């Protein structure tokens, strides 16, 4: 990773960590991927696309391969916040706490914890944008990173970074 991208990735990590959290509790996990991890993620994205018979996994894997950096942001295992709001699909946080599902990500997840992750993602990409580093939030990167065990989070999103004359993520 070039020095400029590395500095911006570190600033993005700070932005995600310091983003506001519901009831002041932190369940956000942030990681800056190494070049080796980026290669592993790209290779696994291709595999996942083949396994699912789904389009665009290989396209996004090529984007990761061409990127100069990658920030991963996730939400760690958590219990319901105690509001019994029903946004997770359960009548109470107690029922939510007993449930478990495993697909691309682990669930269920409290809506407020996912909002925390969304705010962290927004804070991180804002920081990249301020420094003119092209980026895009990608679901598929997170699926591969989680499958490879790179983080402990229930849900992970990836933010690839690029510095160049053309935005790699604009007209994919």
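Where a number appears in this text, it was derived from the coordinates with a stated rule and is not lab data. This is a predicted model, so every value here is computed, not measured. Please note: Cβ atoms are built from the backbone with ideal geometry, for glycine as well, and neighbour counts cover all protein chains shown.
Numbers for the structure displayed
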quantity	calculated
Computed lengthening from residue 77 to residue 11, 0.36 nm per intervening residue step minus Cα-Cα distance	21.3 nm
Cα-Cα pairs of the range 59-107 separated by more than 16 Å (percent)	58
Choice from 71, 133, 23 showing the highest fluctuation, given a GNM over the chain with Cα pairs closer than 10 Å	23
Förster radius 30 Å - calculated FRET efficiency between residue 167 and residue 51 (Cβ-Cβ, nearest 0.05)	0.55
Rounded Å value of the spacing that divides the Cα centres of the range 132-169 and the range 31-101	10
Backbone N under 20 Å from the residue 100 label point (7 Å along Cα→Cβ), restricted to the range 141-172	146-156
Kirkwood Rh (inverse of mean 1/r, distinct Cα pairs), the chain, angstrom	16.5
In degrees, nearest ten, helix 3-18 long axis to first principal axis of the chain (Cα)	10
Neighbour-count ranking [beta-carbon atoms within 10 angstrom, fewest first] of 68, 153, 39	39, 68, 153
Residues 166, 47, sorted so that the one with the fewest Cβ neighbours within 10 Å comes first	166, 47
Length-normalised contact order of the chain in % [C-alpha pairs under 8 Å, at least 6 apart]	31
Likely footprinting exposure, 147, 113, 136, 59, fewest C-beta neighbours within 10 Å first	59, 147, 136, 113
Residue of 48, 159, 141 that the Gaussian network model of the chain assigns the largest fluctuation, springs spanning Cα pairs under 10 Å	48
Helix axis angle, 57-66 relative to the chain longest principal axis, alpha carbon, degrees	60
Within the chain, helix-based [θ] at 222 nm, where runs of 4 or more DSSP H residues each add -39,500 (n - 2.57), nearest 500	-14500 deg cm²/dmol
